[in-house]
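The values are calculated or read from the model by the stated rules, or taken from the named source; none is laboratory data. Model, not experiment: these values are computed from the prediction. When we count neighbours, we look across all protein chains shown, and the Cβ atoms used for this are built from the backbone with ideal geometry, even at glycine. To get the accessible areas, we keep the full protein, side chains included, count just its heavy atoms, and leave off ligands, DNA and RNA. Shrake-Rupley method; radii C 1.70, N 1.55, O 1.52, S 1.80 Å.
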Amino acid sequence: MIPIPAEAILDGGSFRMHPGLRLRVAAGDPDAAVAARYLSGLLARSRGLSLAVQTGGPSAGTIAFERRSGLGPEAYRLEVLPRGITISATGFAGLLYGAVTLWELLPPGRGEAYVPAQRIRDQPAYPWRGLMLDSARHFQSPAFVKSMIDWMAWHKLNVLHWHLTDDQGWRLEIRKYPRLTAIGAWRTPASVGAPSATRYGGFYTQREVQDIVAFAATRNVTIVPEIDMPGHAQAAIAAYPALGSTDGAAPPVSARWGVHTYLFNPDEATLSFLEDVLAEVVELFPGPYVHVGGDEAVKDQWRASPRVLARARQLGIDDMEALQGYFTDRMGRFLAARGRRLVGWDEILRPDLNKNAVVMSWRGTSGARAAAIAGYDTVLSPWPTLYFDNRQSTLPSEPPGRTSVISLEAVYRFEMRDAALDAAQQRHVLGVQANVWTEHIRTEERVEWMTLPRAAAVAELGWSPPSRRSWPDFLARLAASLPRYHAFGIHVADSVFAVDGRLKATAAGAEVSLTNQAHVGDIRYTTDGHEPSNGSAVYSAPLALAPGGEVRAATFVGGAQVSATWSRHIDRAALARRSSRELDLCSDGLGLLLEPRDAGGDPAGIVALDIMNPCWIYRAVDLSHGGRLTAAVAALPFNFEIGADVNKIRVGDARTANGELEVRLDACDAAPAATVALGAARGPATLPAVALPQLPGRHDVCLRFARPALEPMWALDWVEIGE
Ligand code: ACM
């Protein structure tokens, strides 16, 4: 079970769940019928067990959904006795969550099953257990959003913060202003060389949103829509340039990542426009919260605009942060008049912020502390631990994202309680949320991979009392839960269990060492080409393999395979080759895993690089016989908004027209030992081999590009150093 219930007491015996059973709900309790149908659907989908929902009648020998007064809004009781099961709750959410917990009590498998008798009393630690989905940077289909809401429910996650607008896309149909989506929902992706011919985009029609909202209600998920302002506004300004703060031409919908300069202006006409937008938003989203962003609004454009400065003077405001405060306050009052609470990122926290606002702490947890002390409700969603665009491991199976590793364990061990807050201040902490920013998460499968199972850890942080939480126990429960994810076709990451295999060349072939991130379970392996199974040898010490050999390995917990199979052939070339992801980066500026294919190039691997300093180190290469270095490279667009930091990137040091790959030994600031000129071609290319000098011992080989200009940004795909 994830999250672990607050209290579970095992009794003797068990209840047989079989196809003849009925799920009984009282007449006149449509909410209970929704919860019962949900359970029926889960059982049918995950184990082919089909139980009908029946209204009224006796409940002995059945699974009964009952109301009881006095429990909290999401609390429930689940009683499993050999003669029947009762799920009772005061509210709909409790009935739903009782149903989910019962489903989770079933062992994996198909058809009928026995549920151990027990009594569960359960309620959440926090009322806000959320995920933020960024549908602006990359668009996900309505069906995907619903599937996410569906699995959120079985994690007892109850808030979907939906990031619908940003510089790169406006995704929500607004009937009064059709250009927001006609123009703002589409962009031309960045590319190297000739502009891309494709357009990227999509938006949610109001009908689709209504359908998603209605579905979310059946899963106890509140959707908190976000319309970001005054920054992250470039797509809207592309559609309606008069909303902007410059008198220049309309910008394009951005195909760049980072902090952009376009801000909505604070004129009355623009504030009215945004109120019109929010009027449609509150009609669509019945939940109590509307998020108005407020993050990363750099004020360069405001400071440079005589019109904005005049407006500020007219309002009696002399500082640009206070002007944003005025902006926020206008929106807050508009929302309050419609019975809604404003939510914003922690930049909105100012002395004059209305006390009804909710502050979402993302720049670490200091915003939450300051907000709670000042008497504001707050949600913990701090960078970097709860930012799911960070990768989960260093394994090559991780999709594009940021190179910083936020492991499942790091998320699980996130500390919810701030010792600096007293009990009254603690009560302002509404809960926890992880943010799935999708700049680098192009596909729905990858959204799932980056989100799960880390969202399961968030669910437990938000739901379970600290006394019930334990990392080893959570891992064991996660391993047991994998069949549920797989039954629903969810691309859950196996990063915590996956085999991390390392090869070291030896005189006789290779030494292979195997581990996994959590040091959990048994790693079983074969060397005869067969898939590893529960009967395969258990790995305990490095394996010696001869050239031509093959090793396959996977992690097993409780007899079940919990990771994908990892395999390697032992051949000289494979031993000598390293992908950029297997090399060390020379620096830790802004590390990303990028996919050259995203930029329209031919397929090349996912590359790891620090965009501030694309430079890699191949450690401890034996050069006692010299070496031949072959590298494959790919060009990428430099589509990053990083402000003045761009001036820190070393460019303009090329010696030839297209630049060179430079190879240095031992130190990255040594004189180059070899250089390879880059061709004019922009696609992935394998460069001509170069010779490395014969030197005693092992040497670090440092690789970087000298380039004529910022564009294109060259990345190493792989490098091979052979004899
Ligand atoms: C944020 O990450 N800009 C809230």
### Query
Can you spot a residue in segment 588-599 that is modelled with pLDDT of 95 or more, of a type in the set (D, E, K, R) and open to solvent by 10 Å² or more (accessible area, probe 1.4 Å)?
yes
PRO384 vs (1) open to solvent by less than 10 Å² (accessible area, probe 1.4 Å); (2) out of contact with any Phe, Trp or Tyr (no Cβ under 7 Å at 6 or more places or on another chain): all pass except (1)
Of the conditions (1) assigned to a loop (DSSP other than H, G, I, E, B); (2) more than 16 Å from the ligand (Cβ to nearest atom), the single one that GLN425 does not satisfy is (1)
When you look at LEU172, is it within 17 Å of SER381 (Cβ to Cβ) and crowded, with 23+ Cβ neighbours inside 10 Å, yes or no?
-> no
Across segment 428-452, the tally of residues that are hydrophobic (A, V, I, L, M, F, W, C) and assigned to a loop (DSSP other than H, G, I, E, B) stands at 3
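Just checking: which of the strands (runs of 3 or more DSSP E) contained wholly in segment 508-604 hold 3 or more residues that are more than 26 Å from TRP437 (Cβ to Cβ)?
Details: elements: 509-516, 522-526, 543-545, 550-557, 566-569, 577-579, 591-594.
In segment 508-604, the matching strands (runs of 3 or more DSSP E) lie at 509-516, 522-526, 543-545, 550-557, 566-569.
Out of all the residues in segment 262-279, which are open to solvent by 10 Å² or more (accessible area, probe 1.4 Å) and within 16 Å of the ligand (Cβ to nearest atom)?
Here is the first cut: in segment 262-279, the residues open to solvent by 10 Å² or more (accessible area, probe 1.4 Å) are 262, 267-269, 272-273, 275-276, 279.
Listed by number, the list holds a single entry, TYR262.
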I'd like to know if segment 714-723 contains one or more residues that are open to solvent by 40 Å² or more (accessible area, probe 1.4 Å), modelled with pLDDT under 95, closer than 22 Å to ILE649 by Cβ and not in a strand (DSSP E or B).
no
Within segment 311-352, restricting to residues that are of a type in the set (Val, Ile, Thr) and not in a helix (DSSP H, G or I), the one that is farthest from VAL298 (Cα to Cα) is VAL343
* In this structure, is VAL282 closer than 29 Å to VAL221 by Cβ, in contact with a strand residue (DSSP E or B) (Cβ under 7 Å, 6 or more places away or on another chain) and either free of Cβ contacts under 8 Å to residues at least 12 places away in the same chain or surrounded by fewer than 22 Cβ atoms within 10 Å (Cβ to Cβ) (or both)? -> yes
Residue set GLN433, GLN392; condition within 16 Å of the ligand (Cβ to nearest atom), touching a Phe, Trp or Tyr at 6+ places or on another chain (Cβ under 9 Å) and among the polar types (S, T, N, Q); output residue GLN433
Checked segment 340-356 for anything within 17 Å of PRO288 (Cβ to Cβ), touching a Phe, Trp or Tyr at 6+ places or on another chain (Cβ under 9 Å) and within 16 Å of the ligand (Cβ to nearest atom); matches are LEU342, VAL343
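Residues checked against (1) buried (at least 23 other Cβ atoms within 10 Å of the Cβ); (2) not in a helix (DSSP H, G or I):
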{"residue": "ALA32", "(1), (2)": "yes, no"}
{"residue": "TYR38", "(1), (2)": "yes, no"}
{"residue": "SER46", "(1), (2)": "no, no"}
{"residue": "SER59", "(1), (2)": "no, yes"}
{"residue": "GLY94", "(1), (2)": "yes, no"}
{"residue": "TYR97", "(1), (2)": "yes, no"}
{"residue": "GLY109", "(1), (2)": "no, yes"}
{"residue": "ILE120", "(1), (2)": "no, yes"}
Among CYS668, CYS702, the single one that is over 27 Å from PRO195 (Cα atoms), of a type outside the set (D, E, K, R), touching a residue at least 12 places away in the same chain (Cβ under 8 Å) and open to solvent by 40 Å² or more (accessible area, probe 1.4 Å) is CYS668
Scanning segment 296-319 residue by residue, those within 16 Å of the ligand (Cβ to nearest atom) and either among the charged types (D, E, K, R) or open to solvent by less than 30 Å² (accessible area, probe 1.4 Å) (or both) turn out to be GLU296, ALA297, LYS299
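Could you check segment 526-567 and list, in sequence order, the residues that are in contact with a helix residue (DSSP H, G or I) (Cβ under 8 Å, 6 or more places away or on another chain) and modelled with pLDDT of 95 or more? First the steps, then the outcome.
We begin by selecting, within segment 526-567, every residue in contact with a helix residue (DSSP H, G or I) (Cβ under 8 Å, 6 or more places away or on another chain); these are 547, 557-558, 560, 562.
Of everything in segment 526-567, those that are in contact with a helix residue (DSSP H, G or I) (Cβ under 8 Å, 6 or more places away or on another chain) and modelled with pLDDT of 95 or more turn out to be VAL557, ALA560, VAL562.
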Considering segment 372-389, residues that are part of a loop (DSSP other than H, G, I, E, B) and within 12 Å of the ligand (Cβ to nearest atom), and then whichever is farthest from VAL358 (Cα to Cα), we arrive at ASP389
Being open to solvent by less than 20 Å² (accessible area, probe 1.4 Å), within 16 Å of the ligand (Cβ to nearest atom) and either within 27 Å of the chain's Cα centre (by Cα) or at pLDDT below 95 (or both) narrows GLY293, GLY258, GLY287 down to just GLY293
Residue set ALA510, ALA479; condition within 25 Å of the chain's Cα centre (by Cα) and either at pLDDT 95 or above or open to solvent by less than 30 Å² (accessible area, probe 1.4 Å) (or both); output residue ALA479
So, first residue over 21 Å from VAL115 (Cβ atoms) and at pLDDT 95 or above in segment 72-96, second residue among the charged types (D, E, K, R) and surrounded by fewer than 21 Cβ atoms within 10 Å (Cβ to Cβ), Cβ within less than 6 Å, six or more apart or across chains; the pairs are PHE92/ASP31
Expected output for segment 520-534 (first residue charged (D, E, K, R), partner part of a loop (DSSP other than H, G, I, E, B) and open to solvent by less than 50 Å² (accessible area, probe 1.4 Å), Cβ below 8 Å, 6+ apart or cross-chain) is ASP522/TYR539; ARG524/PRO532; ARG524/SER536; ARG524/TYR539; GLU531/THR565
Taking segment 409-447 and the residues there that are free of Cβ contacts under 8 Å to residues at least 60 places away in the same chain and under 19 Å from ASN158 (Cβ atoms), the one that is least open to solvent (accessible area, probe 1.4 Å) would be VAL411
| request: Answer with yes or no whether GLN324 is within 16 Å of the ligand (Cβ to nearest atom), over 28 Å from PHE414 (Cβ atoms) and surrounded by 19 or more Cβ atoms within 10 Å (Cβ to Cβ). | output: yes
Tell me yes or no: at least one residue of segment 448-461 is away from the ligand (no atom under 16 Å from the Cβ), more than 30 Å from ALA255 (Cβ to Cβ) and out of contact with any helix residue (DSSP H, G or I) (no Cβ under 8 Å at 6 or more places or on another chain). yes
